[in-house]
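Student: Just dropping this structure here.
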Amino acid sequence: MKDLILLGSTGSIGRQTLDIIRNNPDKFNLVGMSCNSNIELLREQIEEFKPKVVAIAEENSARIIKSEFDNLDVLSTSRGLCELVKYPADIVLNALMGISGLKPTYEAIISGKDIALANKETLVTGGQIIVDAIKENRVNLFPIDSEHSAIFQCLKSSLNSKVKRIILTASGGPFRGYSLEDLKKVKLDEALNHPKWKMGKKISIDSATMMNKGLEVIEARWLFDIKEDNIEVHIHPESIIHSAVEFEDNSIIAQMGTPDMRIPISLALNYPDRLKLESEKLDLFEIGKLSFERPNRQVFRCLDIAYNALKEGSGATIAMNGANEELVNLFLNKKIQFIDIQENLEILMERESFESPKSIDDIMMIDKEARAIVREIIGKN
Ligand code: NDP
Ligand code: MG
């Protein structure tokens, strides 16, 4: 029986994680969970899973839940998440959105917990600091992002062999094949409508701009200690091969499956054993063909913005991530156009440079600074 703390239980990954726990009551015990403000759903989850503790970032919502449940510890504000991960447990699953996931991951590592990581922004911003903390505290980190779960599994096939290249697959998102002119006209609901995956809003927009793949290149760099020049993005619209690894004998090992996040979530929770899942089976006859294309980097500029940031250093990747989060939020609130996301990121990254951080606090400072600068750039345009 594994004791588990779930950060972001009301989100897309959070709800799919609860589905796995629900179907495996003999394997997982939910100690604690968290949300930002969606207490309608959190209330139902508390009643069903009866955790010891919850963290609710929004203070008023926390007060309401505290008044409703007697034997429940209720933590609040962003500090509440860092307290939550200190409760006794075997593993912390981080399904938070954006940089809000960074500090809780770090605190969980420091308190000796294994990490199941969906929150890619933790590694995009925390990079070396997170990798060092994992080593120092001798904990394990299991990736949930489907591509990184695939790579993790492929690497296990040839433990002592040199890796030549990682093939990071991407569906291409809702605007695959669009021109720059087409991108200027896209609407919010079209950008949120991903062809293969049903996800939270932020990652859906990142998938549409292809910044999601840029973030994943950076995530892979830290997870697998591999240089960016050896990570190659392949557009694979069927989303069946979740990624692949090429070894020095030119063998390529790939991992396949239906696009269902419960597969990587359950492996991260139950590693090294797989869990039985009542999900749709992959029918290769039905699929018939698998296809691959080069990404169109002239149209989807975020990919090169991310590669360049990685080359520049960790200050640049943190700034890029923070500015992107800010711009996506503005787009979700209909304050800017879709194309403004990549255009303003490009201006920011060409104009500014950012020093590498020495601590988590430095990272939060760079994040804040980049958000302020990108807002200023928008004001000027
Ligand atoms: P969602 O937006 O669906 O869920 C985010 C969760 O985090 C919710 O529980 C939300 O609470 C909570 N939350 C959001 N902001 C804050 C904050 N500032 N402080 C505290 N809690 C907060 O996101 P997803 O589940 O789609 O994604 C989660 C992470 O997993 C992201 O990093 C994403 O990139 C990654 N990922 C997701 C995939 C997917 O299929 N969804 C696939 C691969 C990776 P509330 O509901 O109250 O707002
Ligand atoms: Mg992914």
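Student: Any idea which of Glu238, Glu219, Glu246, Glu181 is part of a helix (DSSP H, G or I) and either out of contact with any helix residue (DSSP H, G or I) (no Cβ under 9 Å at 6 or more places or on another chain) or closer than 27 Å to Leu284 by Cβ (or both)?
Tutor: Going through Glu238, Glu219, Glu246, Glu181 in turn, the sole match is Glu181.
Student: Which of the residues spanning region 1-41 are more than 20 Å from Asp90 (Cβ to Cβ) and either buried (at least 24 other Cβ atoms within 10 Å of the Cβ) or within 16 Å of ligand 2 (Cβ to nearest atom) (or both)?
Tutor: Those that are more than 20 Å from Asp90 (Cβ to Cβ) and either buried (at least 24 other Cβ atoms within 10 Å of the Cβ) or within 16 Å of ligand 2 (Cβ to nearest atom) (or both): Gly11, Ser12, Cys35.
Student: Is there any pair with a first residue in region 362-376 that is in contact (Cβ under 8 Å) with a residue 40 or more places away in the chain and a second that is aromatic (Phe, Trp, Tyr) whose Cβ atoms are under 6 Å apart and which are 6 or more apart or on different chains, and what are they?
Tutor: Every condition considered, the pairs that remain are Ile366/Phe354.
Student: Of all residues in region 138-160, how many are assigned to a loop (DSSP other than H, G, I, E, B), within 16 Å of ligand 2 (Cβ to nearest atom) and not acidic (Asp, Glu)?
Tutor: Result for region 138-160: 1.
Student: For region 56-75, enumerate the residues that are buried (at least 16 other Cβ atoms within 10 Å of the Cβ) and either farther than 23 Å from Met1 by Cα or within 16 Å of ligand 2 (Cβ to nearest atom) (or both).
Tutor: Ile56, Ala57, Ser61, Ala62, Ile65, Lys66, Val74, Leu75
Student: Let me ask another. Applying the selection to region 150-196, what residues are among the hydrophobic types (A, V, I, L, M, F, W, C) and surrounded by fewer than 19 Cβ atoms within 10 Å (Cβ to Cβ)?
Tutor: Leu155, Leu159, Val163, Leu180, Val186, Leu188, Leu192, listed by residue number.
Student: Condition test on Pro25, is it away from ligand 1 (no atom under 12 Å from the Cβ), in contact with a Gly (Cβ under 7 Å, 6 or more places away or on another chain) and not in a helix (DSSP H, G or I)?
Tutor: no
Student: Filter region 103-132 for residues that are over 19 Å from Gly11 (Cβ atoms) and touching a Phe, Trp or Tyr at 6+ places or on another chain (Cβ under 6 Å); which is farthest from ligand 2 (Cβ to nearest atom)?
Tutor: Restricting to residues being over 19 Å from Gly11 (Cβ atoms) and touching a Phe, Trp or Tyr at 6+ places or on another chain (Cβ under 6 Å), the top hit is Val131.
Coordinate-derived values only; no laboratory data. Owing to the predicted nature of the structure, the values given are computational and were not obtained by experimental measurement. Reconstructed Cβ throughout: ideal geometry from the backbone, glycine too, with neighbour counts over all protein chains shown.
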